[in-house]
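The values are calculated or read from the model by the stated rules, or taken from the named source; none is laboratory data. Small disclaimer: the values here were computed from a predicted structure and weren't measured. Note: ideal-geometry Cβ built from the backbone for every residue, glycine included; neighbour counts use all protein chains shown. Note: areas computed on protein heavy atoms with side chains; ligands, DNA, RNA excluded. Shrake-Rupley method; radii C 1.70, N 1.55, O 1.52, S 1.80 Å.
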Amino acid sequence: MRLWALLPVILAVGGIAGFWVVYAMAVANGSVNITEAFPYISTCGAYPPQSCVFGQILNLGAFLGMVICYLKYQQVRNYGCRSRLNLTGLVLGMFCALGASIVGNFQQYNQLETHLFGAFLAFVVGILYFWVQAFLTDKVKPRHGGLWIGPLRFALSVCGTVFLVATFVLFYLKRNSEAAYCEWALAMDLFLLFGLFAVDFWHIGDCLVCVQPHRRTQDIQASTQTLQL
């Protein structure tokens, strides 16, 4: 089942390629004018037809992100790390995925407040999620990927934090082009961090989901069988 490793790769490659396709569509049909200012990601995906592509990419990415976050949580848990930090990471990852879906479905020119809330979940909570994963990398054994995986995940988390802070600061200073550059770099950084999970998922042998009936239901079934006898 080495195919599990393809999920992070699909999310990373598909997300990066999809965002730049949306950018190319927006430039081609004149929705954004790059001679005036470099556009934000959401600005590129605000108008049709690229808004449809933008929403679909983020919805699919949110679904894959939720699956990946759960698989990572379960993998760490199966390695004996049943700490609250791992559970916290799962919760943060789910909120990050939810934020991405909100951003894709509530465009900034239609529902700005909702859109900004989704962006907060996707970017801010997303960075917090990967900081949790960076700390878990040093605690969980075995560490897949050797000695380089921890420093690389840590370095990408630092870069993401710098890009996030720079985006807010430059936006406050009304340096919109520079803030947009940092936002795009932040998005690419998050996709790379998700793609890095392929190293961990390469070692997943199988994944099973079991559904157990309620105890009362089991008692009723046992009683019914007894009466039939």
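Overview of values
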| item | result |
| --- | --- |
| Matching residues, the range 59-100, being in contact with a Phe, Trp or Tyr (Cβ under 9 Å, 6 or more places away or on another chain) and within 16 Å of Phe191 (Cβ to Cβ) | Gly61, Leu64, Gly65, Ile68, Cys69, Lys72, Gly93, Cys96, Ala97, Gly99 |
| Selection from the range 102-123 of residues that are in contact with a Phe, Trp or Tyr (Cβ under 8 Å, 6 or more places away or on another chain) and free of Cβ contacts under 8 Å to residues at least 60 places away in the same chain | Ile102, Gly104, Thr114, Gly118, Leu121 |
| Subset tally (residues that are under 18 Å from Ile127 (Cα atoms) and over 19 Å from the mean Cα position of the chain (by Cα)) for the range 168-183 | 5 |
| Condition check for Phe38: of a type in the set (Phe, Trp, Tyr), farther than 21 Å from Ala134 by Cβ, open to solvent by less than 40 Å² (accessible area, probe 1.4 Å) and in contact (Cβ under 8 Å) with a residue 24 or more places away in the chain | yes |
| Filtered residue count, the range 13-49, keeping only those that are over 23 Å from Leu64 (Cα atoms) and outside any loop (DSSP other than H, G, I, E, B) | 6 |
| Filter pass, Ile16 being surrounded by fewer than 19 Cβ atoms within 10 Å (Cβ to Cβ), hydrophobic (A, V, I, L, M, F, W, C), modelled with pLDDT of 95 or more and at negative phi | yes |
| Odd one out for Gly93, checked against (1) surrounded by fewer than 18 Cβ atoms within 10 Å (Cβ to Cβ); (2) closer than 16 Å to Phe194 by Cα | (1) |
| Residue match in the range 43-65 (condition: closer than 17 Å to Leu164 by Cβ and open to solvent by less than 20 Å² (accessible area, probe 1.4 Å)) | no |
